[in-house]
Every structure is written in C-alpha cells, then in structure tokens.
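Can you keep this structure in mind? I'll have questions shortly.
Any read-out appearing in this document is the output of simple, stated calculations on the displayed coordinates, not a laboratory observation. Not measured: the values here are computed from a predicted model. Cβ atoms come from the backbone with ideal geometry, glycine included; neighbour counts cover every protein chain shown.
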Number of protein chains: 2
Amino acid sequence: MGGDFGPRCIIPSVARCLEQDSRLNVVLVGSPEPMTSLCASHQLPADRVSFIHTSEIIHADDAPASVLRGKRDSSMRVAIELVRDGRADGCLSAGNTGALMVLAKALLGTVEGIQRPAIMAALPVAGKFCHVLDLGANVDCTARQLFEFAVMGSEAVAELTGIEQPRVGLLNIGSEINKGSLRVREVSELLRDSPSLNYIGHVEGNELFQDRADVVVCDGFVGNVMLKASEGLVDYMQGEMRRAFADNLLLRLLSPVLRRSLRPMAERLNPHQYNGVSLLGLQGVVVKSHGNAGQPAFEAAIRQAVRACQSDMPQRIAARLARCRGDLL
Amino acid sequence: MGGDFGPRCIIPSVARCLEQDSRLNVVLVGSPEPMTSLCASHQLPADRVSFIHTSEIIHADDAPASVLRGKRDSSMRVAIELVRDGRADGCLSAGNTGALMVLAKALLGTVEGIQRPAIMAALPVAGKFCHVLDLGANVDCTARQLFEFAVMGSEAVAELTGIEQPRVGLLNIGSEINKGSLRVREVSELLRDSPSLNYIGHVEGNELFQDRADVVVCDGFVGNVMLKASEGLVDYMQGEMRRAFADNLLLRLLSPVLRRSLRPMAERLNPHQYNGVSLLGLQGVVVKSHGNAGQPAFEAAIRQAVRACQSDMPQRIAARLARCRGDLL
C-alpha cells in the first residue's frame, strides 16, 4: 500500500467505494499498521474486506530490476500475485510505476500478440479526455509496438468512455519541418491500412489539447516528456497566479468571490477526475494511481480499476488485436 | 517578408528599432507593395534602409526540398544570399521554418565541426528563460549531434543572457522507469566528460519550468512535441478562462479590475518578450520570428538578431566546439 499518503488516504477511499458499489470486494495488502486500525475506525464491512500483511516496502528510487529479484514480500508483488493466481480480478497501486510495470510483466505476462505493455493516461480536454500512450514504459519502440499501442488504446478507450470508434492519432511534428522519423512514417502506414481502427492521421503537440483525437500514440520517451512538461507548466502557471494574488491587496480581497466563480472551470480541469493510469497489454488488470493522489483522486482510480475488471480488458485487447492483424494480411 | 501579418507588422517594428539603435541598418527584402508605401508612411530614414524587390513567395505548406530547387527569387532565399555574400550581417524571417533551415544550411553551410544546425527557443521561467534545442530541425540525432547542440546552446545562451557558465541539462525521463534511451545515455557520458561545459545532468519534462537549467538539449522530435504541447496547453487554459468569464456575470463585471491587477503576471508570461528563435550552427546569423508575431514581438526578434550579429555567434560557436572537443581527447 504505497503512494505519498498511504493507508490514511487509501482506507477512507476504499470505504466510500464499498458504500457506493455493492458488488465490490477488496483485498488490502500492506503493513499491518496503520492499516488495521484505520479499517476499524472507518468501519469497513468485514465480509467484503480481507487483509494480507506484508513486511517489505518498495521505495520510489528502487531500481525496477532489483525489485524483481528481491523484496518478495512487498505489497506490490503480493497484490499482483493475487491477480496471477485468480484470487483478485485486478490490482491497484499508488507506488513506484517502473517497479509495478516490471513486476506485472514478469508475473502476469503479456496478452497474446502484444510485445510490450504500455502506460496510458487521460488528458482533460474540453470536458472530454485525450488518452495518450505510451507514457514511459517503453523508451525505444518499433513500428509494430506503436501499432499495438494504437490497438490497445482504441479498445481500452472504447470500454472506458463508451465511444464506439475512438479517433486514433499518431503524435508527430509539423509537416513544414519534415514528416517525422522513419519509425513514425512506418507505423503511419500500418495504421492507415487497418480499417478496424478509426485512424485520423498525425496529431501535433498542440492538437493534444484541441479535441482532435480520443487516443494518441507515441513512444514512451516522448509521451513522458510531454506529460511531465504539461504538469510542470500547469504547476508553474498556478504558482504565478498564487504570487499575483499574494502581491495584490485587491486580488486578495476578491479571492473568495473569484474562487467561487471559477469553481466550474476548476472542476473541468480537476486532476482528481482523471486519476488512474492503465497498464495495458498485461494478462490481468493493473491500474496505477498518481503517487500524490488525495482521497477523491484515489476513488477515481478505484472506479477505473473496477471498470477494467468488469469489461475483461485483457481478453478484449487480444480479440481486437487479432481483428486488426487480419486487416493487415 | 513573411509571417501572418507581413510588412504591416514588420515595417513599423523596423521603424522603432532604427529609432532605438542608431548603429542599425536594414535591408528590406520582399514584394514592392505594400512595402514601399508603408516605409514612406512610417518615414524610415532613407540612408539606413535599402530595398531589394523579389517576385516569388514561399508558402507555409511548401516542402523545404522543393523550395531549395525552385523559387530562386523569394525574399527568404535572397535575404540569406545577402548574408552569404557579406552584404548583410544577419537574416531575420517570419516565414516557413523548414524552408528557412534548408535554404540557410545549403547557402551558408555549417560551422566547422558542426554536423547539423539546430533550432533554439526560450521558455519563460520565473522571470528568466530556459533555452531548449533542438525544436524540430533534426528528427533523429546521434549522440555526437546532441553533444554539439549542448555546446552551441551553452555558447549562444552565454552571449544572449550574459550568464557566464549556463547550466546545461539533458532532457530525459524519470529514472524510476529507466534511465532513458541508449542514445541519451551515450550523450550523457560525453557531457559528463567535458569540463568546459557546466553540465548539471538529466532534466525531466516538469523541470523545464522549475529553473533547473539554462540550456536543455533534446532531439528535434521530442523538443517540437514538448514546445507545441506547452503552447497548446496555454491556449487551452486561456480559452477555459475566457469561457469562465463569459459565463459569469460577476467575473464579467470585475474583468477590467482583474485585468489591471494581473498585468504584472501577464507581462512575465508575455510571449512577446521572448520571440525570436535562433538557427544555431550556421556560418551566418539567421533568426526566425514566430509567424503570428505582432509588433512588439517582432521588435524583440530584431533585437535578438542584432545581438547575435554583434557577438559574431558562428565564430564563437566554432571556438567553443574546438575547446570542448579538446576536453574529450
């Protein structure tokens, strides 16, 4: 049980989700304390919650490879083993992303036909979402792997959002400079030749925020830099805004009024509503919550994990991949 | 004479810069009209301004390769030829970036020891700037080319900002997932081994906006996606803000007061102050203005071009490169 706030955030989130969804059962994996006492104080229903106590902790700076060899009694490893052994339908973690990916890949394996799993997150755009993958699991990707990301993303987004034929785009740079790398041009051809996908062509960086596509595919290096730069820019602008308010008496006085008036906008941009990053392409459901997720954000991640379990995402991805492969023959 | 607003924006900007800098002389290259009549109405000093009339136009969607073969009487080509022939110290354009790079490389050649020129722009951070290169001239880069970008960026930023030993970072993704691509690890070693550079190590996407480095190096694909995503995100947030004001009577009423109070912040984030992208590594000074630059922004680009000419940037880059190569031997 990881993340910056640990059980103190996770237990009340679980309590709320158990209340809201009567079909949900939860296995809590982690150190006995403060998990047990928190569960008691939040009155979690004993018949729908079970505990597995673990003794080791994976830290944010642990190298994924060393986690694979050692720390056999970490909550992350044990939770994934529950999925592998059919004792849980899915696993949700707020811990070290790299470690989660390596453990999940090693213990669960990938869906048939998928070479590498990918990490997918949602950017909020105009009240909708633009889903981007990969966000850092795969630094160097082949054209075939990028094609598989498009298939996985399309299937997952159809399931998560209800959009029947999600618009799939390929992240690329302006044609006025050139038409992208050799690899991007290669996967672009594969995507064009696959009628099972609703492929809309190249998407430039700025178009990620213009509701051009529902799914955008890129390699993990580009995706990670883009996502983190966007987060950094938002933080920076919020900081500038705070400074502007602190430095100006009139703005300080108006602050409560402004806050109330801007609430609808803040809600649209609220990261809590889109917490929960999917690890796609695994033989099992694994969802990652942002490490610094607070309670509403962690609840959103739980709901996303539940949805992925209910739709049997791994099986759906395998079936969709077989269909798309057929297109290319 | 290109850009979205053409001579109507450029001529008044030139008039102002001529007024402010008595050593500046300008050659205006473009279609005779409306250039000549605008110059007359803005009373440009005849002894410091000359004209070259051209008959062809390079469009935003012209392929760079076709521009190289054809359109020999375009303003862009003729302006670069002036630099090549020693009739101008530098060239400033608001036209098609890809065409500008291809023409400049072909007509001017690269600085000795530089394999490929790069495009560098400045992101505003906490009242300072983070300079990033490359932004799209080079899609696939070798480690050696990325090393050259670091050298060029360090030298150019020292000159443009007055910082003696600019902090140089390498754009990379979180170490918790892995330590970046093979190429990035390779250039990281080269940079560590070069004491002539103030190399500070890896910089993640969010750290671009945290004043961690003065110069950040990346390949043109990643840089282009990052820059355009940042621009797209700012546009999106401004749009949300406008909608919030339009939808709320109280905010509409307060709008003039808020605008005045937030002006200092808006000034810090004002893109006009950092217009002007440098094409580094060429045997001559070439600066690109944003296509949609208005008058204050175009003036900033003129000032940047003047500064690059005064410092003899190409010569300085060659000397710095020789020094850094010495480090590596």
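Quick one: Kirkwood hydrodynamic radius for the stretch B:1-108, alpha-carbon pairs, angstrom, one decimal? Before the final figure, lay out the partial values.
Working: mean 1/r = 0.0702 Å⁻¹.
Value: 14.2 Å, from the Cα pair sum.
Hydropathy first: keep DSSP H helices in chain A averaging at least 0.0 on Kyte-Doolittle, then drop any whose Cα extent along the axis falls short of 15 Å, and list what survives. Numbers along the way, then the final one.
Working: long enough: A:7-20 (19 Å, 0.27); A:97-108 (16 Å, 1.81); A:143-161 (27 Å, 0.54); A:182-192 (16 Å, -0.14); A:220-246 (38 Å, 0.10); A:249-269 (28 Å, 0.36); A:295-310 (23 Å, -0.10); A:313-328 (23 Å, -0.32).
For chain A, where a helix must reach 15 Å along its axis and average at least 0.0, the hits are A:7-20, A:97-108, A:143-161, A:220-246, A:249-269.
If each label sits 7 angstrom from Cα along the C-beta direction, how far apart, in nm, is B:GLN238 from its counterparts in the other copies?
Shortest to longest, the spacings are 2.2 nm.
Where the centre of each part is set by its Cα atoms, how far does the stretch A:91-142 sit from the stretch B:193-265, in angstrom?
26 Å
Connecting C-alpha atoms closer than 10 Å in a GNM of chain A, tell me which of A:PRO34, A:PRO64, A:PRO117 has the biggest fluctuation.
A:PRO34
Sort A:SER255, B:SER278 so the one with the fewest other Cβ atoms within 10 Å of its own Cβ comes first. Can you show the working numbers first?
Numbers: A:SER255 13, B:SER278 28.
Lowest to highest Cβ neighbour count: A:SER255, B:SER278.
Taking a label point 7 Å from Cα toward Cβ, how far is A:ASP89 from its twins in the other copies, in nm, shortest first?
Reported distances to equivalent positions: 7.2 nm.
Could you pull out the pairs from A:LYS71/A:LYS288; A:LYS288/B:LYS228; B:LYS128/B:LYS288; B:LYS228/B:LYS288; B:LYS71/B:LYS288; A:LYS228/B:LYS128 whose alpha carbons sit more than 23 Å apart here? Please list the in-between numbers first.
Details: A:LYS71/A:LYS288 19 Å; A:LYS288/B:LYS228 27 Å; B:LYS128/B:LYS288 21 Å; B:LYS228/B:LYS288 16 Å; B:LYS71/B:LYS288 19 Å; A:LYS228/B:LYS128 20 Å.
Over 23 Å apart, Cα to Cα: A:LYS288/B:LYS228.
Over the stretch B:267-321, one equal point on each Cα, no solvent: what is log10 I(q)/I(0) by the Debye formula at q = 0.26, 0.27, 0.31 Å⁻¹?
-0.95, -0.99, -1.17
What do you get for Rg/Rh of the protein assembly as shown when both radii come from the Cα atoms and Rh is the Kirkwood radius?
So for the protein assembly as shown, dividing Rg by the Kirkwood Rh gives 1.01.
Could you identify which residue out of A:ALA297, A:ALA122, A:ALA60 has the top mean-square fluctuation in a GNM of chain A using Cα springs shorter than 10 Å?
The residue with the greatest mean-square fluctuation here is A:ALA60.
I need the fraction of alpha carbon pairs in the stretch B:191-316 separated by more than 24 Å, rounded to a whole percent. Before the final figure, lay out the partial values.
Working: 3885 of 7875 pairs.
For the stretch B:191-316, the fraction of Cα-Cα distances above 24 Å is 49 percent.
Starting from the amide H of B:GLY201, placed 1.01 Å from N in the peptide plane, find each other amide H under 5 Å away whose residue is 5 or more places distant or on another chain.
Hits under the 5 Å cutoff: B:LEU170.
How large is the dipole of chain A about the Cα centre if only Lys and Arg carry +1 and Asp and Glu carry -1, each at its Cβ, rounded to the nearest 20 debye?
Details: 35 positive and 36 negative charges, 73 e Å.
I would put it at about 360 debye.
Here is a follow-up. Which of these, B:ARG263, B:ARG87, B:ARG72, has the largest mean-square fluctuation under a Gaussian network model of chain B (Cα springs below 10 Å)?
Answer for the Gaussian network model of chain B: B:ARG263.
Could you list B:HIS131, A:HIS202 in order of exposure, starting from the residue whose Cβ has the fewest other Cβ atoms within 10 Å?
Details: B:HIS131 23, A:HIS202 20.
Fewest to most other Cβ atoms nearby, the residues stand as A:HIS202, B:HIS131.
Would you work out the relative contact order for the stretch B:1-108, in percent, from Cα pairs under 8 angstrom that are 6 or more residues apart?
Over the stretch B:1-108, the number comes to 28 percent.
Further question: Can you put A:ARG260, B:ARG303 in order, fewest other beta carbons within 10 Å first?
Working: A:ARG260 11, B:ARG303 17.
The fewest-first ordering by Cβ neighbours comes to A:ARG260, B:ARG303.
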